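Novice: One structure coming up, written as structure tokens, with questions to follow.
The values are calculated or read from the model by the stated rules, or taken from the named source; none is laboratory data. Predicted, not measured: the structure shown is a model, and the values here were computed from it. Using ideal geometry, Cβ is built from the backbone for each residue, glycine included, and neighbour counts are taken over all protein chains shown. These area figures cover heavy atoms from the full protein model, side chains too; ligands, DNA and RNA do not enter into them. Shrake-Rupley method; radii C 1.70, N 1.55, O 1.52, S 1.80 Å.
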Amino acid sequence: RVLCLVDSFITSVAMGRGGAVDSWLLCPVLAVCWFLVGIGSVPSSSAMATSSGSQQRLRDPIFNRGLAFPAAFREKNALVGLMPAGERSFEVQEELALANFRQKREPLDKYSYLQGIQNVDERLFFALLTKHTAECMPYVYTPTVGAACQAWSELYLGAPRGLYLSINDKGRITEILRRYAAEHGQVKAIVVTDGERILGLGDLGANGMGIPIGKLALYTACAGVDPAGCLPVHIDVGTNNDKLLQDKFYVGLRQERLRGPEYDALIDEFVQGCKSVFGPQVLVQFEDFGNTNAFRLLEHYQDKACCFNDDIQGTAAVCLAGILASTRISGRELAENNFLFLGAGEAGVGIAELIAMAICKETGKSVEEARQQIWLIDSKGLVHQGRLAD
């Protein structure tokens with residue numbers, strides 16, 4: 001009605017002026033027109049709330065089932081109109097997703113496709129991962145996750161998965177964790193990294209977020225942990241990777257890595273915040289921290305929080321299990337062997353220390369005695385106390 005009245009008004013003015021309307025007259029008239037039409041087109045608050053709430057729920061990959069939602073469920077939950085009217089059974093969705101996955105040729109394309117499914121429908125994602133583990137796992141975690149982390153800033157599209165904390169959040173980390181808990185519920189397992197030593201790739205800063213996300217996918221696929229209770233976290237304290245600092249697409253802080261007491265205070269605020277919000281039983285897994293921080297953080301928190309370092313302890317547990325299993329074939333007890341490590345990083349030192357502890361348990365030797373059977377070599381040669389000055 002408003003548009004018709006305005007059209008009649010403009011036409012009459014134009015006829016009176018010989019068919020021409022000055023721009024000074026037309027512009028304000030059109031402005032009023034659009035303003036009035038805008039007012040008339042604003043939906044009621046209840047309609048906005050219903051539509052907004054339904055769309056928000058569809059963005060939740062734990063809730064979303066896509067076309068597998070039956071018609072009655074769509075009607076009841078105000079989902080009608082937000083997706084095509086057709087229905088697909090979950091089995092058909094799974095078949096289609098697997099076919100599309102197999103059509104991808106490049107590893108990063110396969111990784112991105114699976115990540116896209118995880119961000120839309122976690123039930124479908126984990127169906128693929130658990131039923132086709134050998135086929136899908138290399139594109140969820142290693143080896144492809146390394147390339148994904150290197151390209152993380154280019155691949156990142158803003159999908160809300162996990163928490164990106166930084167030194168700028170100091171003093172309000174607990175508040176951020178509470179907000180997350182209020183929206184997503186109770187968390188049982190947290191994998192956290194500061195991105196300093198991502199796999200064998202070094203300092204990748206905020207690009208290292210792919211590691212906590214991938215590792216927690218394994219928690220669900222291999223151990224059956226509810227994905228709704230898993231939280232990947234990256235703590236951004238800067239990066240010493242000059243290439244990233246110069247990359248205009250980099251998603252992290254453009255500053256050198258924070259060290260010292262301020263760094264320790266930030267990590268402590270995070271750990272204490274996790275215990276406060278999610279309870280003292282929440283598992284905090286330290287992942288891919290640099291050597292300078294990994295060992296001392298583990299030593300500091302192992303008696304204060306439910307935590308472990310996967311690179312130091314997780315890898316060591318698996319390796320020791322393999323060695324112990326081999327004794328049934330070799331016929332030699334663990335303590336009858338000497339051990340030489342090529343590499344003295346977190347994994348190597350962690351394995352060596354656990355072997356020493358196992359020898360102690362098996363023989364009654366002291367830790368110092370058990371360590372006499374273990375040697376480590378790195379890029380500079382044999383690791384020994386005389387190198388501490390270097």
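Novice: Rounding to the nearest 20 debye, state how big the charge dipole of the chain is about its Cα centre with +1 on each Lys and Arg Cβ and -1 on each Asp and Glu Cβ.
Specialist: Numbers: 37 positive and 44 negative charges, 194 e Å.
Dipole of the chain, to the nearest 20 debye: 940 debye.
Novice: Sticking with this one: Could you pull out the GluC sites (Glu not before Pro) across the stretch 221-309 that fall in loop regions by DSSP (anything but H, G, I, E, B) with no more than 14 other Cβ atoms inside 10 Å? Please list the in-between numbers first.
Specialist: Values: sites: Glu256, Glu262, Glu269, Glu287, Glu299; in loops: Glu256, Glu287.
Loop-located and lightly packed - Glu256.
Novice: Could you check what % of the DSSP bridge pairs in the chain are antiparallel, to the nearest 5? If you can, show how the numbers build up before the last one.
Specialist: Numbers: 2 of 22 bridges.
If we restrict to bridges inside the chain, about 10 percent are antiparallel.
Novice: Still on this structure, I have one more. Quick one: of Lys188/Lys215; Lys170/Lys304; Lys243/Lys304; Lys243/Lys275, which pairs are farther than 26 Å apart, Cα to Cα? Intermediate values should be presented prior to the final figure.
Specialist: Values: Lys188/Lys215 14 Å; Lys170/Lys304 21 Å; Lys243/Lys304 37 Å; Lys243/Lys275 36 Å.
Exceeds cut-off: Lys243/Lys304; Lys243/Lys275.
Novice: Between the DSSP loop rule and a limit of at most 14 other Cβ atoms within 10 Å, which trypsin sites (Lys or Arg not before Pro) in the stretch 67-168 are left? Show your work: numbers first, answer last.
Specialist: On the way: sites: Arg74, Lys76, Arg88, Arg102, Lys104, Arg105, Lys110, Arg123, Lys131, Arg161; in loops: Arg88, Lys104, Arg105, Arg161.
Listed in order of number, the matching sites are Arg105.
Novice: On to the next question. At a probe size of 1.4 Å, how large is the accessible area of Val271, to the nearest 10 Å²?
Specialist: Its accessible surface works out to 0 Å², give or take rounding.
Novice: In degrees, nearest 10, range 0 to 90: what is the angle between the Cα axis of helix 173-184 and the longest Cα principal axis of the chain?
Specialist: Here the helix axis deviates by roughly 60 degrees.
Novice: Order the peptides 365-374, 58-67 from the highest to the lowest mean number of other Cβ atoms within 10 Å of their residues.
Specialist: Numbers: 365-374: 14.6, 58-67: 16.4.
In descending order of packing, they fall as 58-67, 365-374.
Novice: If only Cα atoms are counted, what is the Rg of the stretch 200-245, and what is its Dmax, in Å?
Specialist: Cα-based Rg and Dmax for the stretch 200-245 come out at 13.2, 40 Å.
Novice: A further question on this structure: Which label belongs to the value computed from this structure, given these candidates for Kirkwood radius over Cα pairs in Å: (1) 23.0; (2) 25.3; (3) 22.2?
Specialist: Among (1) 23.0; (2) 25.3; (3) 22.2, the one derived from this structure is (2).
Novice: Any aspartates and glutamates with Cα under 18 Å of the Lys110 Cα? List them, leaving off those in the same chain fewer than 8 positions away.
Specialist: Hits, sequence-local ones excluded: Glu94, Glu95, Asp121, Glu122, Glu135, Glu154.
Novice: Keeping all protein chains in place, calculate the accessible area per residue for the chain (probe 1.4 angstrom), answer in Å².
Specialist: Working: 21110 Å² over 390 residues.
Heavy-atom accessible area per residue stands at 54 Å².
Novice: For the chain, give the percent of accessible area contributed by carbon and sulfur heavy atoms, probe 1.4 Å, rounded to a whole number.
Specialist: Details: 12180 of 21110 Å².
Carbon and sulfur together cover 58 percent of it.
Novice: How many Å³ per residue does the convex hull of the Cα positions in the stretch 186-320 occupy? Intermediate values should be presented prior to the final figure.
Specialist: Values: hull volume 15.9 nm³, N = 135.
It is 118 Å³ per residue.
Novice: Moving to a separate point now. Under a point-charge model restricted to the Cβ atoms of Lys and Arg (+1) and Asp and Glu (-1), what is the dipole moment magnitude of the stretch 351-390 relative to its Cα centre, in debye to the nearest 20? Write down the numbers at each step before the final one.
Specialist: Working: 5 positive and 6 negative charges, 5 e Å.
Dipole of the stretch 351-390, to the nearest 20 debye: 20 debye.
Novice: Which is farthest toward the positive dipole end of the chain among Ala182, Leu320, Ser153, measuring Cα position about the Cα centre, with Cβ charges +1 (Lys, Arg) and -1 (Asp, Glu)?
Specialist: Of the options given, the answer is Ala182.
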